[in-house]
Structure formats: structure tokens, C-alpha cells
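For reference, the structure discussed in these notes is given below.
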Amino acid sequence: MTTEAAIFLAVTILVVWGGLVASILFLRAHPESRRMPPGGEDDAAETAREAGGPVVHDT
Amino acid sequence: MARASTGPADGGTTRTREQWSGQTAFILAAVGSAIGLGNIWRFPGVAFDNGGGAFMIPYLVALLTAGIPILFLDYALGHRYRGSSPLTFRRIARWAEGLGWFQVGICFVIALYYTAVIAWAASYFVFSFDLGWGDDPTAFFTTDYLQVGDPGFSLDFVPGVLIPLVLVWVVTIAILAAGVAKGIERANVVFIPLLVATFTVLVVRALFLDGAADGLNALFTPDWGALGDPGVWIAAYGQIFFSLSIAFGIMITYASFRPRRANLTSPGLVVAFSNSSFEILAGIGVFATLGFLAAQEGVAVGDLEGLTGVGLSFMTFPAVISEMPGGQLFGALFFGTLVLAGLTSLLSILQVVSSGFQEKFGWSPRAAATGIGSVSAVVSIVLLGTTTGLIFLDTADNWANNIGIVGSAVAMTILLVWVLRKGPELRYHLNAVSTFRLGSWWYVCVGVLAPVVLGYMLIDRIVDLVQNGYGGYPTWYLLTVGWGAIAFMVVFAAVMSATRWRSDPDALEPWPPYPPASDTRAVKEAQR
């Protein structure tokens, strides 16, 4: 490869794949917000969804 | 189902809305949707044609200023209003429901031909084992395999296409019928790691081919003059826009299956960068392989024909595979990855249609998948399983993407930001539940930049299609299939909007309430 193309290949990989690694690390460090407003807990229960049965629920 | 209050028909029970089993499952499904055929066969050629290494600059700018902001907009809509596109837009404004159904119409049209490409790739996966395309892959593809006729409508079915097409539809309907968690999620949890691993093996193999360095030189050597060409910037925004599966209902629908108290923007960044990372990987693999073909033929990479789309996959690549040592395995890997990438995207496209009908008519996932899947399959088989399938695909794809999706995005951004003034509420929603917080720059991206750039793309393409037609096809055919597809979406949207909801769609209190009731620390933080 030419030096110019190699540099652009490396920079592209660094920025895009680096962006992926950085976003994954950020998500791992901050998986869920701890400052959510109260409420919003009336969504489907995990067990109900898995069972697929009739559930009284308001989304 | 979103508040699927049901009548006596199913015992008067209420079904819960389906959900992903967790954050990772959501990310994998969203990545599966975003990574599709366009990543493999569109990005490398577009990058090469638009400045090579220099293209990466407008590409990254487009990712950060349009791709990710519109992705967040989709997430905010589906998550706040707890529905696929029609229900979401209906809940925002009664008269806006039609835009949601227009997006469902886009998905329906795309699903018709997307299935055919997966069927072709499945056929070529089998052909790879004995290099069944022979010495002239181009003639084999158009004449022997597809038996392409003149533009028009034909009932001359091609058995070689028909059989895999039926199989793809059966598999797709079966996965959709199993529901979001047990169907789509499980499929993606298996298919996406398999896709990435397989494609990585393929790229590593390609890098060791003779001439691979020349291919990479062709792709990454920057043409700085291209940065002064507005067309290159438009191409970058177009690539990012089409690649991320945004603005036509998919990400709205997928986000609606997240629990209310769920992080949105941080997983969104992972999805967006995963998609681009795969594109870069595909660019390296495809151009390393093309470098090998150019070396074998004694020409420059730029002189090769068929560097994008159907031509790249089903004409150029078979030619390369025939010439390389161990080509059978390489071919199987390549076409296998096309099938996986296509199938995971197809599932997301059809889920938009399925969810739209589930919410409107109170259907179960199984009923919706079976009913809609069967109708779609019949239409798809009649239009794509015949000798005119390739021409239909080429035409419908051009209109569905360049007019349908781009038009949908322009309408959506203008409607939400300027007409309904929902920008602050949606930003508040994203910041209230997410760990990556958005500043006011987000308004500029989705409210100004996106409609301006995409609006320019839309008008430019409409003028071009009206003045020059497309693909050398007859005008009556373009009117019927191209503009006809758009007319179908509009009429479908009008008819479906006028249809009665099975249950009250407006019975929803968006959470968190906006404007926020109290001036708590959390609210302040979310508004920051």
C-alpha cells in the first residue's frame, strides 16, 4: 500500500472502530440513568411477556 | 400490543406490549436491522466514487450530524408514544397518522423485493460449492439464472428463483410469528455474531490475495478535490441515511419495545458506530477482493465494472471467486453473509408492517405475521419470481429509497420540529431516560440540517427522474412501478388512516410528563 492510503486506512479504522469501542465503554460505565423522573414503572412485567399470556396492563 | 383492550373475541383480556429481554438484545436487533445489504454492496463503491479516503470526512460528518441525530429522533418517538409509526404519529396528532402508514407502505414495498435478493444470495450460496455460474457470471446471472425479459409484468415463473423465494418467506414468517422476544431477538442473537465472525474471516482471506493492496490503495487514497464537490457531501449524507435504517418506521417500532425506564441514546451510539464499523470492514474486504480481480485481468481497479449493488454481488464477485484459490469457500462465506445481513434487516422491515396492523386491529403477533406475511409473499412471488423480477426490483428500489424514505424523513423532521414543535419534548424525553445527554445542537441537526440536505436530495432526484427517466426503462413502466409505488403508499396511508382503531389509540399518558410538573433535580438534569 502507499503511505497515503495506509494512513487513511489507519485513521478511518481508528476513528470509526475507536468510536465503537468508546461507545461500548461509555454504555458499560453508564448502563442506566440514575436520575430518571419518578414513575414509568407500569410497563410489562418480564414474566408476563415471556409467558405471552393475558395480562392486564397499560402502556 | 399497546393497550390492546380487547373485546369478547378473545375473552376480554388485555395483552401486554412485547419487549426486548434486555439492552443487549435491543442493540443486537437494531444492529441487525442497520447492517444490511447496503453495507456490503453500496458503501464500498460509493466511497470509491466520491473521493476514496477523503470521503471518510464527509461520511463521519454525516454520521454525527444527521445519522445519529435522526436515529435518536426515531428512538424518542417510538419510546415515548409506545407504538410503531402509525400509532406513534396518531398519538402526537390525530391528522399525522397518515405519515406513519406511509412509512408502513415503504416497508411493505421494500420487503417485496428485499426477500428476492436474499433468495438470490441463498441460491448463489449453493452455486458457490461448484462455481455453478461458469465462465461468464454476468450472462449466467441475467440469462440463465434470472432469465430476465423486457420491462413489464410477466407470469413466466423462474423455478430457480421461485423456490428459494418461497423458502425465504416461510422462514421470515415463522420468525415474525414467534414474536419480538422469541422470534426477532433470538434470530439476531444468533445471526449477528455469526455474520460478523464470518465476514471477518472473509476479509482476512481477502487481505492475503494478490493485488489486495492495490484495491485498498484505490479505496483509501484521498482525492482532496472531492471535498469541494457538493455532490460528494450529498452522497455521504445519502449513504449514512440509507445505511442506518432511519426515518421509515423501523427504529420507531424497535424503540417502542423498550421498557419505559430504559436508556436510549447510549445504546444508540453503539448501534450507529457498529453499523459504520461493519461498513468499513466491508469496504476493506470488497476492495481487497476487487484488487485481486484487477490484478488477474491486468487492469486498474477503477477500470473494473460493477462496483456496487446487484452487479457487484452477483456478477463481479462470482468472477473473482472463480479465479481465486479456494474460491468455493470464499463464495459460500460471501453469499452466506449476504443472506444473514439481508434476513436480519428484512425482519425489522416486516416488523413495522406487522406492528402497525397489530396495533390498529388488535391482532396477535402470530396472526399479523401470518396474515401480512402471506399477502406479502404472494405479491412478492408474483412480481419477483418471474422473468421481470430484476427490473421490478431495480425500479421499485430506486423510488422507495430516493423518494419514499427521503420524503418520509423530510416530512417527519419538518412536521415534528417546525409544525408540531415537539423538539423540546422529545429531547427532554431522551435526556430523562438516557445516560448520553443531548444539547441544543440536536435541534439544529434534526430541525435544520437534515431537512435541508435531505430536501435538496429529494428535489434533485425528483427533477432528475422526471427529466431523464431511469435505467432506460419505458415511461409507462416507470409511471406504473416507480411512481406507482409512491402513489400506492399515499393511497394506502389515506385508507388506513380512515380505518377505525380496534381500541382507543389516544389512551396513553406519555411518560415522563412534559412539561415536567416539579422542578426536581432529575428534571433539571434532564433538561440540561
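The values are calculated or read from the model by the stated rules, or taken from the named source; none is laboratory data. Keep in mind that what you see is a predicted model, and the values were worked out from it rather than measured. Because the Cβ atoms are built from the backbone with ideal geometry, glycine has one as well, and the counts that use them run over all protein chains shown.
Rundown of residues vs (1) closer than 21 Å to B:Gly285 by Cα; (2) within 10 Å of chain A (Cβ to nearest Cβ); (3) modelled with pLDDT of 95 or more; (4) crowded, with 24+ Cβ neighbours inside 10 Å, yes/no style:
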| residue | (1), (2), (3), (4) |
| --- | --- |
| B:Ser5 | no, yes, no, no |
| B:Ala34 | yes, no, yes, yes |
| B:Val61 | no, no, yes, no |
| B:Thr65 | no, no, yes, no |
| B:Asp74 | no, no, yes, yes |
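Mind listing just one residue for me: the one in the range B:404-443 that is within 14 Å of chain A (Cβ to nearest Cβ) and in a helix (DSSP H, G or I) and, of those, nearest to B:Ile68 (Cα to Cα)?
Ranking the candidates gives B:Leu430 first.
Being within 7 Å of chain B (Cβ to nearest Cβ), touching a Leu at 6+ places or on another chain (Cβ under 6 Å) and not in a helix (DSSP H, G or I): is that true of A:Met1 here?
The answer is yes for A:Met1.
Yes or no: the range B:423-442 includes at least one residue that is among the charged types (D, E, K, R), within 20 Å of B:Ile250 (Cα to Cα) and surrounded by fewer than 22 Cβ atoms within 10 Å (Cβ to Cβ).
no
I need a count of the residues in the range B:191-246 that are more than 29 Å from B:Ala66 (Cα to Cα) and among the hydroxyl-bearing types (Ser, Thr, Tyr).
1
Name the helices (runs of 4 or more DSSP H) wholly inside the range B:28-107 in which the number of residues that are touching a helix residue (DSSP H, G or I) at 6+ places or on another chain (Cβ under 6 Å), in contact (Cβ under 8 Å) with a residue 40 or more places away in the chain and β-branched (Val, Ile, Thr) is 1 or more.
Here the list reads B:37-41, B:43-49, B:68-81, B:85-92.
Checking the conditions here, which among B:Leu340, B:Leu393, B:Leu350, B:Leu329 is of a type outside the set (Ser, Thr, Tyr) and within 26 Å of B:Gly149 (Cβ to Cβ)?
B:Leu393
Can you tell me how many residues in the range B:12-32 are farther than 13 Å from B:Pro267 by Cβ and more than 14 Å from chain A (Cβ to nearest Cβ)?
Counting residues in the range B:12-32 that are farther than 13 Å from B:Pro267 by Cβ and more than 14 Å from chain A (Cβ to nearest Cβ) gives 1.
Restricting to the range A:8-44, and then to whatever is more than 13 Å from the chain's Cα centre (by Cα) and more than 7 Å from every other protein chain (Cβ to nearest Cβ), can you tell me which residue is modelled with the lowest pLDDT?
Filtering the range A:8-44 for residues that are more than 13 Å from the chain's Cα centre (by Cα) and more than 7 Å from every other protein chain (Cβ to nearest Cβ), the one modelled with the lowest pLDDT comes out as A:Asp42.
Name the residue, out of B:Arg90, B:Arg80, that is away from chain A (no Cβ under 14 Å), crowded, with 24+ Cβ neighbours inside 10 Å and over 21 Å from the mean Cα position of the chain (by Cα).
From the options B:Arg90, B:Arg80, the qualifying one is B:Arg90.
Picking from B:Ile280, B:Ile234, which residue would you name as being of a type in the set (A, V, I, L, M, F, W, C) and modelled with pLDDT of 95 or more?
Of the residues listed, the single one that is of a type in the set (A, V, I, L, M, F, W, C) and modelled with pLDDT of 95 or more is B:Ile280.
Checking B:Gly225 against (1) under 13 Å from the mean Cα position of the chain (by Cα); (2) away from chain A (no Cβ under 14 Å); (3) not acidic (Asp, Glu), which test does it fail?
(1)
If we keep just the residues of the range B:462-507 that are closer than 30 Å to B:Arg91 by Cα and among the charged types (D, E, K, R), which is modelled with the highest pLDDT?
Per the stated criteria, the residue is B:Arg500.
Would you point out the residue of the range B:203-222, among those that are within 11 Å of another protein chain (Cβ to nearest Cβ) and of a type outside the set (A, V, I, L, M, F, W, C), that is farthest from B:Gln296 (Cα to Cα)?
B:Pro222
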